[in-house]
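The values are calculated or read from the model by the stated rules, or taken from the named source; none is laboratory data. Just so you know, these numbers come straight off a predicted model, no measurement behind them. Backbone-built Cβ (ideal geometry, glycine too); neighbour counts: all protein chains shown. For the accessible areas, the whole protein counts, side chains as well, though only heavy atoms, and no ligand, DNA or RNA atoms are used. Shrake-Rupley method; radii C 1.70, N 1.55, O 1.52, S 1.80 Å.
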Amino acid sequence: CLEITCTTADASIASTDDYFIYTAIEGYDATALMFGTSAAAVITVQFKFKTTLVGVYGISIANSAKNRSYYGIITVADTSEHEYSVTLTGDTTGTWLYTNGVGLYLQICLSAGSDFQGTAGAWAAGAKQTTSAQANFMALNTHTAFLKRIQLFRGSTTQGYRSPDIRLELARAQRQYWKSFAQGTAVAQNVGTNTEEIQFDGL
């Protein structure tokens, strides 16, 4: 569960301002979605969300260059936790990476100026995230939100939440970096043991 807190208020959102929570999905993981082809998949984003500020929030996807984007919206009617889902149509054009670069960005908009606003349910050039009805989460430094159990999957049918396997997640992360100390050992300098030792724990 991610806690989101506004600590510095921005009550007047300029056209070029945008505030959002995002994650980058690796191109290898996005291959099956086939974005950029005529067989681009429909995807569903499903998550639980709770916030002190009711209103409209944009849920968007974009390519690595952020020159292609598509968004849907959710309407938060009260301050209780609810599960939301948004179905997004895959892009049949544009450039989408299927390497170890960014395959796509998934974003949840907290506030956005007019440069990032557009028409929901349609692909657009640039990094569109939401409509002009977007709530301004940044308006007060008392606003908080909680985001959890995010899933992105092919198709338009919602699914039960599947907890990640920590062993698989660790192995996936470890291929991305060089670790010179044993798993669970804090990084230090010139300690002799484990100095510049390459570890492949868990692989």
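In the set (1) at pLDDT below 95; (2) at negative phi, the condition left unmet by residue 126 is number (2).
Kindly indicate which of 119, 157 is more than 18 Å from the chain's Cα centre (by Cα) and either within 16 Å of residue 62 (Cα to Cα) or among the aromatic types (Phe, Trp, Tyr) (or both). Before you say what the answer is, go through the steps one by one.
Details: 157 fails: either within 16 Å of residue 62 (Cα to Cα) or among the aromatic types (Phe, Trp, Tyr) (or both).
Result of the check over 119, 157: 119.
Remark: pairs (first residue in region 76-89, closer than 18 Å to residue 1 by Cα; second residue open to solvent by 60 Å² or more (accessible area, probe 1.4 Å) and in a strand (DSSP E or B); Cβ separation under 6 Å; 6+ apart in sequence or on different chains) = 81/50. Considering region 7-51, the residues that are surrounded by 15 or more Cβ atoms within 10 Å (Cβ to Cβ) and among the polar types (S, T, N, Q) include one that is nearest to residue 155 (Cα to Cα), namely 44.
Scoring residue 78 on the criteria (1) over 16 Å from residue 18 (Cα atoms); (2) surrounded by fewer than 20 Cβ atoms within 10 Å (Cβ to Cβ); (3) in contact with a Gly (Cβ under 9 Å, 6 or more places away or on another chain) leaves a single failure, condition (3).
Among residues belonging to region 95-116 that are closer than 27 Å to residue 33 by Cα and surrounded by fewer than 18 Cβ atoms within 10 Å (Cβ to Cβ), point out the one that is nearest to the chain's Cα centre (by Cα). Can you show your working first?
Narrowing region 95-116 to residues closer than 27 Å to residue 33 by Cα: 95-110, 116.
Subset that is surrounded by fewer than 18 Cβ atoms within 10 Å (Cβ to Cβ): 95, 98-101.
Numbers: 95: 19, 98: 17, 99: 18, 100: 17, 101: 15 Å.
In this case the residue turns out to be 101.
Check whether at least one residue in region 58-66 is among the aliphatic types (A, V, I, L, M), at pLDDT 95 or above and surrounded by fewer than 18 Cβ atoms within 10 Å (Cβ to Cβ), and report yes or no. Taking every residue of region 58-66 in turn, at least one turns out to be among the aliphatic types (A, V, I, L, M), at pLDDT 95 or above and surrounded by fewer than 18 Cβ atoms within 10 Å (Cβ to Cβ). Contact map, region 1-15: residues that are within 20 Å of residue 47 (Cβ to Cβ) paired with residues that are among the β-branched types (Val, Ile, Thr) and loosely packed, with under 10 Cβ neighbours inside 10 Å, Cβ distance under 8 Å, separation 6+ or inter-chain. No pairs are found. Scanning region 115-161 for residues that are more than 15 Å from residue 87 (Cα to Cα), touching a helix residue (DSSP H, G or I) at 6+ places or on another chain (Cβ under 8 Å) and not in a loop (DSSP other than H, G, I, E, B) yields a total of 1.
Examine region 75-92 for a residue that is modelled with pLDDT of 95 or more, over 26 Å from residue 146 (Cα atoms) and hydroxyl-bearing (Ser, Thr, Tyr), and state whether such a residue exists. Looking for residues that are modelled with pLDDT of 95 or more, over 26 Å from residue 146 (Cα atoms) and hydroxyl-bearing (Ser, Thr, Tyr), one finds at least one in region 75-92, hence yes.
Taking the criterion of being acidic (Asp, Glu) and open to solvent by 60 Å² or more (accessible area, probe 1.4 Å), would at least one residue in region 81-88 satisfy it?
Restricting attention to region 81-88, the residues satisfying the condition of being acidic (Asp, Glu) are 81, 83.
When the remaining residues are screened for being open to solvent by 60 Å² or more (accessible area, probe 1.4 Å), the result is 81, 83.
Scanning region 81-88 turns up at least one residue that is acidic (Asp, Glu) and open to solvent by 60 Å² or more (accessible area, probe 1.4 Å).
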